[in-house]
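To keep things clear, I will list the structure first and then write my remarks on it.
The values are calculated or read from the model by the stated rules, or taken from the named source; none is laboratory data. Fair warning: this is a prediction, and the values are worked out from it, not measured in the lab. Note: ideal-geometry Cβ built from the backbone for every residue, glycine included; neighbour counts use all protein chains shown. Only protein heavy atoms, including side chains, enter the accessible area calculation; ligands, DNA and RNA are left aside. Shrake-Rupley method; radii C 1.70, N 1.55, O 1.52, S 1.80 Å.
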Amino acid sequence: MKKISIISVFAGLFMGLVSCENDTDPVASAQGLLLRKDAAVVTPSELNPTIDANSCIKLDWEKANNGVSTASTYQIIISDHDVPFIPDGEGKNVVVFNWVTPENPNNRTYKALNSEVNNWMNQLPSFNCGTMNIDFRIRSLLGNNEENNNNIVQYSNPITVAIKGYPKDPLIFALVKTGASPESSAKIVTSAYTTNTDYEGFMYLEAGDYKFYQPDACGSFASATVFGISGGNSGTLESGGTTSYNVPTAGHYFVTVNGQDSSYKILPFNNASGTNVFGIFGNATKTFGFSTTTPMDYDFSTKKWKVTLNLIDGRKFSFKTGNTSPVAAVLVGTGAASVSNSNALTTSAAPIDNTGSVKAPGTYVNDNTKTKYDIELDLSVPRQYSYTLKVSPN
């Protein structure tokens, strides 16, 4: 009995020691993350492209306190102060920038350029052309990945600055029929927000009178500048002009504007005649030469051009409006066409290669080695033109 009691005492002491060891074992937990703004870098109240390369804000932050000696990874979180903050709301109301740990991990600073901050602001769903209150935070992550529920995530205090950004969307004109709204009317756009010389777009216009509407810098038509025309299918835009462009018969048009010299072109391609046909051409169609276009049909329900056609394997093709030179537009691509994905196209002002610009799938053997495709061409979004090839089941 005495021996049993002694064993019990030692067992109790051992369990007590184990319990004490567990009670004092360090456990990681979120215990603080402090962010500061360096006052030496003055944030401008308004951004514009001429100061893109200047510094906008410098942030520095303390090492995240996770309760134990750890090495967190850090991200800069940008959000609209006037919109409720959603942690882990990337794609909803926050923009995430992954800070790269430097060689000296104690150097927890980041100096953002005006161009970077403007890019971040443009990605916010609430971005507008007015002055915005922008919150900067640091997110600390301790763990393997963001999907791991055992991660320890901490957010710093926010630093709020008032900044007016500038939009980076391409510039827009709307061609508006009398009585219609510019918001719902067909648009032409530039290749970038930095240029105003290459507005373009394909559109279907109903019969009637049209004017050009130019929105403000943020794309709003509330106080749009309205342009009449001086000319017919080509001419000059006139701000406040009273003359409209008259569309006598509904049809398809390719419209361009050069905002620098105010010139415009409104070029029809209505498939009304052999010289005004829209379609596909090139060596892959075995209809050689610039004047031999295979017509495509327009589907009003999908707003796409369609044709079922045999293409010679490994030969080239392109799309164009018209059979006589110069045509309204030629659409070109690069490389080999994909049958599993959408293929991008751009308009080309360069001299046209009659053989085409995109290679049909497969390897050329001879002109009789061909594949039948259902071809669809989507011109509904200006400067985001594309086509698809699907092997025809028929």
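Name the residues in segment 217-254 that are surrounded by 14 or more Cβ atoms within 10 Å (Cβ to Cβ), more than 16 Å from A207 (Cβ to Cβ) and among the aliphatic types (A, V, I, L, M), would you? Answer for segment 217-254, where residues must be surrounded by 14 or more Cβ atoms within 10 Å (Cβ to Cβ), more than 16 Å from A207 (Cβ to Cβ) and among the aliphatic types (A, V, I, L, M): A224, V226, I229, L237. Of all the residues in segment 92-109, those that are crowded, with 16+ Cβ neighbours inside 10 Å and either among the charged types (D, E, K, R) or more than 26 Å from the chain's Cα centre (by Cα) (or both) number 1.
Considering the conditions (1) touching a Pro at 6+ places or on another chain (Cβ under 9 Å); (2) modelled with pLDDT of 90 or more, T346 is excluded by exactly one of them, (1). Close Cβ contacts (under 8 Å, 6 or more residues apart or on different chains) running from residues in segment 33-49 that are free of Cβ contacts under 8 Å to residues at least 24 places away in the same chain to residues that are open to solvent by less than 90 Å² (accessible area, probe 1.4 Å) comprise A40/K58.
The strands (runs of 3 or more DSSP E) found entirely in segment 170-214 that carry 1 or more residues being open to solvent by 20 Å² or more (accessible area, probe 1.4 Å), hydrophobic (A, V, I, L, M, F, W, C) and more than 20 Å from T249 (Cα to Cα) are 172-177, 186-189. Scanning segment 308-346 for residues that are within 15 Å of T292 (Cα to Cα) and hydrophobic (A, V, I, L, M, F, W, C) returns L309, L311, F317, F319, V327, V330.
Are any residues in segment 266-286 modelled with pLDDT of 85 or more and assigned to a loop (DSSP other than H, G, I, E, B), and if so, which ones? Let's see the steps before the verdict.
Initially, segment 266-286 is screened for residues modelled with pLDDT of 85 or more, giving 266-268, 278-285.
Hits for segment 266-286: nothing passes.
Going residue by residue through segment 349-360, is there one that turns out to be at pLDDT 95 or above and either surrounded by fewer than 15 Cβ atoms within 10 Å (Cβ to Cβ) or assigned to a loop (DSSP other than H, G, I, E, B) (or both)? Looking through segment 349-360, at least one residue is at pLDDT 95 or above and either surrounded by fewer than 15 Cβ atoms within 10 Å (Cβ to Cβ) or assigned to a loop (DSSP other than H, G, I, E, B) (or both).
Only one of the numbered conditions (1) more than 29 Å from the chain's Cα centre (by Cα); (2) at pLDDT 85 or above; (3) not aromatic (F, W, Y) is not met by G289, and that is (2). Note on segment 294-316: among residues that are closer than 16 Å to F202 by Cα and in a loop (DSSP other than H, G, I, E, B), the one that is least open to solvent (accessible area, probe 1.4 Å) is M296.
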